[in-house]
Amino acid sequence: MTISIEQAIEIHAKSAISLGGNRAEKSTRERAEHCKTRGDTDGYETWTKVADTIRHLNQSGYRARRIFR
């Protein structure tokens, strides 16, 4: 089974919300900035998309099941 980059981004966003709660977007944006400072533009763009997806999910009322805690 193959997943698209969009599906992978959504999976990572939901996982980040489940693991990080309210800190998920901030920590993901920090990861994106870390990639940027290292010159990893692909990583920066991808993690920024994950953070944007986290914001969208939070604004739409998404609530993760806390299965990891």
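Each reported figure results from applying straightforward, stated rules to the coordinates on display, with no laboratory input. Worth saying up front: this structure is predicted, and the values here are computed from it rather than measured. Don't worry about glycine lacking a Cβ; one is built from the backbone with ideal geometry, like all the others, and counts go over all protein chains shown.
Among the residues making up the range 28-66, those that are of a type in the set (A, V, I, L, M, F, W, C) and in contact with a Ser or Thr (Cβ under 7 Å, 6 or more places away or on another chain) are Ala32, Trp47, Val50, Ala51, Ile54, Ala64. Only one entry of Ala51, Ala24, Ala8, Ala32 meets the criterion of being part of a helix (DSSP H, G or I), hydrophobic (A, V, I, L, M, F, W, C) and closer than 16 Å to Arg65 by Cβ, and that entry is Ala24.
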